[in-house]
Structure formats: structure tokens, C-alpha cells
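Accompanying notes for the structure given below.
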Amino acid sequence: MKEIHSGSDQLLLKLQVADGAALCTPAQYPVYTVFLIPEGTGTYHADFGVFNFKGPVLLFSTPLQVIYIEECQFLNCKMLQFHGDFYCIEFHREEVSCNGLLFNNVYVDPVVVLSDKEAGLFDSMLTELNDELNEAEPSESILRAYLQLFLAKSSAIKIKAIAENKDKTEKDEQMERFKKLLDEHFLTLHKPSDYASLLAMTPDNLTKRSVRYFKKTPSQLIQERLILEAKKQLHLTRKSIKEIAWNLKFQDEFYFSRVFKKFTKVSPQAFRDKTGISIVADLSKY
């Protein structure tokens, strides 16, 4: 296990061989986490999303998601973690395209299926990154370059899989419309029946098709979309908790805090304290 820390002892980058027992225990890390699983099968839990996988795969999670793997049968799983202060995916969104794809996306599986050749490539990248970490004075610029390449390659594979429709058995235009409606109205429409009405379908039909297409219920998607926006504003802006609660149309910051903590297991202030405020906060569009 190798890692580097900031001057204030904040974990910035870490690479380790993951312990199977530890992976089966729900955990929340204040950093971005990626698992490289070269073989085997299991079920990946990220918050309330449940995703079956078969290696070789990459699994992704954002800071403070509750994650764990069950029914896991795999070997030599590697876990790569990095803090937003070390590599800001929002700032580098053009170079790597991972923000809103591999991370911070409630609609797309946080899973990238790999070929054996691709798995070997990612393993080699991690080996080179590990070699740099083992240097007496690791170069942060070189480590960031390896991390950027790792994320950019992951994004390219995921984008290709989506384009080739590998992630879904068939394209469901109604569910794509549901996604568009949810992004437009998640601040004001909070019931599945609201969206079912707009889509001219029954709530039961919406639920069945949503679970088949997104592997999540409409209620889960509505809640996750709202919490995702809350996380963005906490991490990407310097606005107060009260201002963010107002932006998200909560009646007050106390109710917002209760809802946020129920979903994330931490308060909005604790989330901000653990993840930090992004370097793009002063450039924020919010």
C-alpha cells in the first residue's frame, strides 16, 4: 500500500491491493474510489444502486457514497483512491470526460466492462503509478498524468460501450424522456406519479421500465438527482448551507440537513468538511 498526503495530512492519492473482507463491509471514503477487478463476479452496491458484474471490470464511486461488494469471488482487486484536491475532475472535465459519466451520474452504471487486453493495460498503468509512488520523492505531476490517463481511457471505453448500446438491452425512448424530464423538474416534482402523468403511463409501468432500464426505481432516481445537486453545490460553491437549501427549494436548512443525512449518512456540513471545496468554486456557474 502506497499513499501520499497533503501538508495537513489529508489523503491525496492511495493505491492498494484491496482486502476481500474489507470490501464486503459498507464503507464511506472522503475520496474518489476506483476498483480494478481482473476476474470473478459479485454485486456492487453504491448508495442505493445495485450492480451485478463479471470481471474484468472497473467500478467507480464518488466521495462519501456508501459502497460495498457482496457475493464477491475475485482475485487481486486493486483499489485506487484520489482526493479532489489532488486531481479535480470538474476542472479537468474536458481532458478526461469522467465527471458526469464515471462519477456523479445517477443514470449510468458506475461500471466499465473491460476486455482482457484492456484489463492488462489498466493493470500496467497502476503498476507504473505504483512505481512512482515508491520513489523517494514521488512527482505529483507524474502521478496526476498517470491518473488522468487512467480516467480518460476509462471514459473512452464507457462512451464507446454506451454508443454501441452494450449497457442496455434496448433503447427505451420513454425512459430517455423520463431522464430529460427529471433533469428539468427534479427541484419541483418529487413523486413518481408526477412523471408518470407527464409520460402518459401508469406509475406501475414507469417503475417496471425504470428498474429494467436504469436498474433503479423512479423514487430512487428522483432522490438521487436531488442529492447529487446538493453535493455539487456543497463541493463546487462557497454558498452557505442555508443558501443551498433555498436553491434546492427546501423549507429551511434544518429540513435539508435531515434529508441529506438520511441519504448520505453525513450532514451537509460534514460532507463539505470531508470532501473540501473545489478549486473551481470561485469560477462556479452556480
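Bear in mind these aren't lab numbers, they're just calculated from the coordinates by the rules spelled out. Being a predicted model, the structure only gives us computed values, none of them experimental. A quick note on method: Cβ atoms are made from the backbone with ideal geometry, for glycine too, and the neighbour counts reach across all protein chains shown.
Worth a mention:
- Relative contact order of segment 35-183, defined on C-alpha pairs under 8 angstrom at six or more residues apart (%): 22
- Reducing segment 37-70 and segment 238-266 to their Cα centroids gives an inter-centroid distance of 28 Å.
- Centre separation in Å (Cα based) which lies between segment 75-117 and segment 212-229: 19
- Stokes-Einstein D in µm²/s, Kirkwood radius over Cα pairs - segment 2-163 at 37 °C with 0.692 mPa s viscosity: 207
- Kyte-Doolittle at least 0.5, axis length at least 20 Å by Cα - qualifying DSSP helices, the chain: 140-163
- Using 0.36 nm per residue and subtracting the Cα-Cα separation, the extra length available between residue 274 and residue 71 on full extension is 70.1 nm.
- Percentage, to the nearest whole number, of Cα pairs in the chain over 37 Å apart: 13
- Computed from the alpha carbon atoms alone, the convex hull of segment 134-285 holds 164 Å³ per residue.
- FRET efficiency for residue 5 and residue 25, using Cβ-Cβ distance with R0 set to 22 Å, rounded to 0.05: 0.40
- Violating pairs (Cα-Cα greater than 27 angstrom) within the set 216/249; 14/117; 180/208; 158/191; 242/274: 158/191
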